[in-house]
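Structure first, commentary second.
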Protein chains: 4
Amino acid sequence: MTLRLGVIGTGAIGQDHIRRITDSLTGAEIVAVTDINAAQARAVVENEKINAKVYENGHDVINATDVDGILVTSWGPSHEEFVLASITAGKPVFCEKPLARTAEGCKRIVDAEIAHGKQLVQVGFMRRYDKGYRALKNVVDNGKVGAPLMVHCAHRAPSVSNFSGDMAITDAFVHEIDVLRWLLNDDYVSAQVILPKNTTLADKGLQDPHIVLLETKQGIRIDTEIFVNCQYGYDIQCQVVGETGTANLPEPLSVLLRSEAKLSTEILVDWKDRFIDSYDTELQEWINSTVKGEMHGPSAWDGFVVAVTADACVKAKHTGEIVPITMPERPVFYDKFFVLQ
Amino acid sequence: MTLRLGVIGTGAIGQDHIRRITDSLTGAEIVAVTDINAAQARAVVENEKINAKVYENGHDVINATDVDGILVTSWGPSHEEFVLASITAGKPVFCEKPLARTAEGCKRIVDAEIAHGKQLVQVGFMRRYDKGYRALKNVVDNGKVGAPLMVHCAHRAPSVSNFSGDMAITDAFVHEIDVLRWLLNDDYVSAQVILPKNTTLADKGLQDPHIVLLETKQGIRIDTEIFVNCQYGYDIQCQVVGETGTANLPEPLSVLLRSEAKLSTEILVDWKDRFIDSYDTELQEWINSTVKGEMHGPSAWDGFVVAVTADACVKAKHTGEIVPITMPERPVFYDKFFVLQ
Amino acid sequence: MTLRLGVIGTGAIGQDHIRRITDSLTGAEIVAVTDINAAQARAVVENEKINAKVYENGHDVINATDVDGILVTSWGPSHEEFVLASITAGKPVFCEKPLARTAEGCKRIVDAEIAHGKQLVQVGFMRRYDKGYRALKNVVDNGKVGAPLMVHCAHRAPSVSNFSGDMAITDAFVHEIDVLRWLLNDDYVSAQVILPKNTTLADKGLQDPHIVLLETKQGIRIDTEIFVNCQYGYDIQCQVVGETGTANLPEPLSVLLRSEAKLSTEILVDWKDRFIDSYDTELQEWINSTVKGEMHGPSAWDGFVVAVTADACVKAKHTGEIVPITMPERPVFYDKFFVLQ
Amino acid sequence: MTLRLGVIGTGAIGQDHIRRITDSLTGAEIVAVTDINAAQARAVVENEKINAKVYENGHDVINATDVDGILVTSWGPSHEEFVLASITAGKPVFCEKPLARTAEGCKRIVDAEIAHGKQLVQVGFMRRYDKGYRALKNVVDNGKVGAPLMVHCAHRAPSVSNFSGDMAITDAFVHEIDVLRWLLNDDYVSAQVILPKNTTLADKGLQDPHIVLLETKQGIRIDTEIFVNCQYGYDIQCQVVGETGTANLPEPLSVLLRSEAKLSTEILVDWKDRFIDSYDTELQEWINSTVKGEMHGPSAWDGFVVAVTADACVKAKHTGEIVPITMPERPVFYDKFFVLQ
């Protein structure tokens, strides 16, 4: 059985997903697309040589009778509307981050999904599908470093354009928020943000770097350096310190060079190269589980938790205080697939 | 268009290929299978839940009208027969190594393919599809270490069972023979084999390790340690030494651990884990190019060259001498796709 | 000219220094010793075959006419007394940490030294003499990572016995306090201490690990994990993050092993092995500069700053608050040799 | 007791040794020097501010009554004469490599020393004193990789000037000849030399690189790449492959940098930096053992074996053949101190 998909939003990430589903993955095909820019949607269908109908709007895609599942890759503020409509239509929906513009929006999706009675929503947090993070989780889950006590992370990018305000948290750090609670099987209880000396190499007025400190229910302490103008590369670091040892996220595979008085491996510069395989795995696993009527990836609840946590981090940044992170108990509805193994 | 494939031989590697084509790759499906053990072939069809007909023998698979291409994964000595029959039928054929039992057998396939007039044969040398080797070739081709002068390799396995005679060369080293001439865009002119002190941990009577020295047309010198009872792991090493630097095949991705007074990464133990992704890439690229009527991978000619070179290495081992490697000029027929980029 | 030294305290560290000065270093000899346990002092003289007179007490050593310089390696609480007496006698004195039991005690030494008019006191912070830290400082000072913005450290020991209360700060972290301000040419303005989930493998009642956060005058943020029951080894980590790159303290030299499915280097277990060469360099440079009438190492002022900072860290630990670190301006007297290059 | 030394030859290496004995090492002083250029000898005495008499020639230094031991750091062809004279005088002598111009010359020294009846001669092979080689030997001797079967080495320098003929063997590879038989507690039985494609970046007419293959009595096979115009750095590699694992000579300590899209450590460029600490250790240990009337370092016999082996390598290079290495049995005289532990 081939899963017939409709894509809402044919911008960069929408096109990437269309290409990977069409050329690299198995088990699904794109049969419907739409974009706020209709001409672009038509061009994508033509360029990618896919046999898909171009619809007027997202709701028409969702309601098309030959569409089995939805990919929401449109402008962020429109996500909530299309995810809710997909739930109403009873169709599985894969939504790129953010799930909604606000924590409240995420909560409305959670409530709608529970009311519907079947898990339909997956959020596009792709790090859980990265080979490196999976290897790290495997090592930690197997007790190779003992019970985790601390996690030291770095989230570095060579430079950013059009970054402003709190995007270091809402756009970059959200990935750590999701992947670390998955890695630790834990949730957060407080956040603090430290503002180190600013780099002179960032856009004027932009605070960079940040250090975010999170505390989990178990008492594990996480410190993450977010430095989005670090110049030297796109570099994601994660070290779990357990009672008996430490484990680091693997460095991406690279040729070891001896050249010009240096023993070196390459550090990636473009973030797209870092998690490119993860996107493939993420969507392939989503297709496979969707075909079986299951849902294993980051849930609407996970999207909600990330939003609540990010809000607390932003508040902590602006107040300089240790901000408690409070949210309702996880509904039993989400228990089954909380941990992706 | 979906490529309809027939599989001759449903042993371990045959089943692996059936699974990956069915579950992971895109663009092909298994429609026909056969095995010398018919019951096993039927069981595989059933277990894998594929919609494939079980045939009496390989020739029936080759000649089935709904079969577009052939996978030869049967017992080695039967390869030549089925590859020749595929050529006769004008159907693309992917043949696991060895292409034929002897260099003469390989040459018969080369001649048949040329006579047929279109390249149809690909040999299963999967290392060319390994991310690490491709990254290494990329570095070398881009001049990052200058013109290659030497290559130092190691081919190590923890232990082997049922290894005898010259299998270190004919079963293990053949992979280096293929991948190094692809890496260097070069061919071999002589071979010498050195027999170091034997490990006491190999089966009685088995020479282990060997060091094989190859010289290329350009004068590049290759030394390869083959050590198939090295105990500690499955470990493939390759260092290219150029005029301005050296480049190493990347180590497989692994979590860095600090534990028990050691800073360590894991070394694989099972050879299957080392090149598992390469098999996927190899077959996906074969499917993609076959659908387009092209052929880019290791050719029948490459299979022939490997056989001639392996023969020279075996002779060098038994004589202790430097054995010249001679073969006819590469037919123009194979020029087009000699280098896989 | 040979520097004639008197040693006050012939316990473990005292004996080590006597041995290194006698057997490995050049330019000095031990001519006087004393210990609260006179029999032990006599035994040391005998065992080490040194030509030294055993004195009744530290003051007699300090005042002996053939003694040019003093090593204070006695019980911590006695340091202040002997250092002050050495200043009174106008003799150069090398004092193991702590310089005094309290910040006030350190300040009295500073005041006495300034009143005396010549710098005579060096404190035994040996990390500044470690090849690794010196290489790191060289890289940072040469701008290889741009202006420092953050420093991430770890101070880990396999286990401790008889550790209690705040010793993680007063006994272990003091080394970071000294070496990081030397590394950064900076001073501290605030401290915060975070208490992660406790390891179950520490002595009952002992908090372990700690995370100490320091802020410098320039706004550089330092986070240090102190984990003295980490089980796996004695491991000192330091990463400076600058505007254009990061630099790590080198790992100690170790053979790279491939064995038992691991690619590994050794991590030290005994702290003595980690800085053993630093002690040699520290004392040799102290001898050399003392002979020239100079003083380049960690000064009495540095000892005072460490004490003030450690006090703030202890307070931060107990209050959970961000504690300001305030101290008088550095007296001009100490300007000359503030930075050891 | 201070060892009073006479230095014959005050060129670069002679001056280095004078400086280290005077400023860094303990237990010896320079009391006599000479050089074929008397003015230079006088200048060295003055510049280094040492209290040494300048003699007319080497024999006068050797025979000076206040000279306890001799350092021969003169022009290579003069070594044999001064070493023989030292033996005649019954004085311990440390001779920089080569021990003599020919194997026959080395043999004459061996014979003279045996006739004298006490071991007096040490040859300046400093690699045995390198921390890295000692750590490697420790690992191998402790069975961490099982019984050695093969050794893979590289001896690379960025470029050489005034290198000609067989100097890659007689000037560079001699260090491997000495250190590997010490490392393996073994001797050589045959040599073969392979001439890879020449680098275009060497002086005209100079063969570079070479690969030298040695076989030991135990059957261990050693391959060493000698590449003295490798451009990228001074890089000494050594990997011992044993029955259960492999062990690599440690890389020199270096800061790990993340900068400009590279994760890198530094490779040394100047050979002097690589073994600078080894010279200190070598001479300190020579002083210490000489004072005790002992001799533990590379002996006259070791110098002779290196000369015989180098001759065989040169012959192998010119003939392209596998050249047997034959020499008399090691005299019992040298048994005691054969292995430096």
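Since every read-out is calculated from the coordinates, none of them should be taken as a lab result. Just so it is clear, the model here is predicted, and its values are computed rather than measured. Here the Cβ is made from the backbone with ideal geometry for all residues, glycine too, and neighbour counts use every protein chain on show.
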Response to the item:
Of all trypsin sites (Lys or Arg not before Pro) in the stretch D:10-102, the ones in DSSP coil with at most 11 other Cβ atoms within 10 Å are D:Lys49
Worksheet item: Ordered by residue, what ³J(HN,Hα) values in Hz, to whole numbers, does the stretch C:203-215 give under the Karplus form 6.51 cos²θ - 1.76 cosθ + 1.60, where θ = phi - 60° and Gly and Pro are x?
Response: 4, 3, x, 8, 6, 6, x, 10, 10, 9, 10, 10, 10
Worksheet, complete the sentence: Karplus-derived 3J(HN,Hα) from phi for the stretch D:159-165 (6.51 cos²θ - 1.76 cosθ + 1.60, θ = phi - 60°), whole Hz, x at Gly and Pro, runs 6, 10, 10, 6, 8, 8, x
Fill in: Under 5 Å, built H, 5+ apart or other chain: amide partners of B:Ala147
B:Glu243, B:Thr244
Worksheet entry | Local electrostatic count, C:Thr34, Cβ distance below 14 Å [Lys/Arg +1, Asp/Glu -1] | -2
Item to complete: Quick one: angle between helix A:300-319 and the longest Cα principal axis of chain A, in degrees between 0 and 90, rounded to 10, please.
Response: 40
Worksheet item: Using modelled amide H (1.01 Å from N, peptide plane; none on Pro or chain starts), what sits under 5 Å from the amide H of A:Leu71, excluding residues fewer than 5 places away?
Response: A:Gly6, A:Val7, A:Ile8, A:Phe94
Discussion item. Is there a quick way to get the dipole size of chain C? I mean about its Cα centre, with the Cβ of Lys and Arg at +1 and of Asp and Glu at -1; what is the value in debye to the nearest 20?
Written reply: 320
Worksheet item: Considering only the other residues whose Cβ falls under 10 Å of the Cβ of D:Phe227, what net charge follows from Lys and Arg at +1 and Asp and Glu at -1?
Response: -3
Worksheet item: Could you give, in nm with one decimal, how far D:Thr319 is from each other copy of that position, shortest first, with labels 7 Å out from Cα toward Cβ?
Response: 2.0, 8.5, 8.7
Worksheet item: So what is Rg over Rh here for chain B, counting just Cα atoms and using Kirkwood for Rh?
Response: 0.97
Discussion item. What whole-number distance in Å separates the alpha-carbon centres of the stretch D:270-289 and the stretch A:91-150?
Written reply: 59
Worksheet item: Which of the lysines could be linked to B:Lys197 by a straight reach, that is with a Cα gap under 17 Å, when you skip same-chain ones fewer than 8 residues away?
Response: B:Lys317, D:Lys217
Worksheet item: Could you give the radius of gyration (one decimal) and Dmax (whole number) of the Cα atoms in the stretch C:87-226, in Å?
Response: 17.3, 52
Worksheet item: When Cβ neighbours within 10 Å are restricted to other protein chains, what is their mean count per residue of peptide B:235-242?
Response: 4
Worksheet item: Axis carrying C onto D: which residue of C has the nearest Cβ, and how far, whole Å?
Response: C:Thr26, 2
Discussion item. Can you compute the label reach from B:Glu56? Point 7 Å from Cα along the Cβ direction, backbone N cut-off under 16 Å, restricted to the stretch B:1-34.
Written reply: B:33-34
Worksheet item: Label-to-label distances across copies for C:Asp203, with labels 7 Å out along Cα→Cβ, in nm, shortest first?
Response: 5.4, 5.8, 6.7
Discussion item. Projecting each Cα onto the charge dipole of the stretch D:3-123 (Lys/Arg +1, Asp/Glu -1 at the beta carbon, about the Cα centre), which of D:Ser86, D:Ile36, D:Asn57 comes out farthest on the positive side?
Written reply: D:Ser86
Worksheet item: trypsin sites (Lys or Arg not before Pro) within the stretch A:171-239: which are DSSP loop residues with at most 16 other Cβ atoms inside 10 Å?
Response: A:Lys204, A:Lys217
Practice prompt. Kindly rank B:238-244, A:167-173, A:314-320 from highest to lowest mean number of other beta carbons found within 10 Å of each residue.
Written response: B:238-244, A:167-173, A:314-320
Worksheet item: With +1 on each Lys and Arg Cβ and -1 on each Asp and Glu Cβ, how big is the dipole of the stretch A:3-123 about its Cα centre, in debye rounded to the nearest 20?
Response: 160
Worksheet, complete the sentence: In whole Å, largest first, the alpha carbons of the stretch A:59-158 cover along the principal axes 50, 35, 27
Item to complete: Taking a label point 7 Å out from Cα toward Cβ, give me the nm distances from C:Ile13 to the same spot in the other copies, shortest first, one decimal.
Response: 4.2, 5.6, 6.6
Practice prompt. Would you grab the residues whose amide H sits under 5 Å from the one on B:Asp130? Only those 5+ places off in sequence or on another chain, please, with H modelled 1.01 Å from N.
Written response: none
Worksheet item: Taking chain A as a Gaussian network, Cα atoms linked when under 10 Å apart, which of A:Glu80, A:Glu96, A:Glu251 shows the biggest mean-square fluctuation?
Response: A:Glu251
Worksheet item: Which whole-Hz ³J(HN,Hα) couplings does the stretch C:173-183 yield from phi under the Karplus relation 6.51 cos²θ - 1.76 cosθ + 1.60, θ = phi - 60°, glycine and proline marked x?
Response: 5, 3, 5, 5, 3, 5, 6, 6, 6, 5, 4
Item to complete: Shielding by partners for B:182-194, please: the mean number of other protein chain Cβ atoms within 10 Å of each residue's Cβ.
Response: 1
Worksheet item: Name the residues of the stretch D:1-18 whose amide N is less than 19 Å from a point 7 angstrom out from the Cα of D:Ala43 along the C-beta direction?
Response: D:7-18
Worksheet item: If you put +1 on each Lys and Arg Cβ and -1 on each Asp and Glu Cβ, how big is the dipole of the protein assembly as shown around its Cα centre, in Debye rounded to 20?
Response: 0
Worksheet item: Separation between the C:Ala147 and D:Arg101 pseudo-spin-labels, each 7 Å from Cα along Cα→Cβ, expressed in nm?
Response: 6.4
Worksheet item: In degrees from 0 to 90, rounded to the nearest 10, what is the angle of the helix A:276-291 Cα long axis to the longest principal axis of chain A?
Response: 50
Practice prompt. Let me have the 222 nm mean residue ellipticity of chain A computed from DSSP H runs of 4+ only, each contributing -39500 (n - 2.57), with the sum over all residues rounded to the nearest 500.
Written response: -10000 deg cm²/dmol
Item to complete: Lys and Arg at +1, Asp and Glu at -1: add these up for the other residues within a Cβ distance under 11 Å of B:Asn138 and post the number.
Response: +2
Discussion item. Between 0 and 90 degrees, rounded to the nearest ten: what's the tilt of helix D:79-89 against the longest Cα principal axis of chain D?
Written reply: 50
Worksheet item: When only DSSP loop residues count, what chymotrypsin sites (Phe, Trp or Tyr not before Pro) in the stretch D:13-120 have their Cβ near at most 16 other Cβ atoms within 10 Å?
Response: D:Trp75
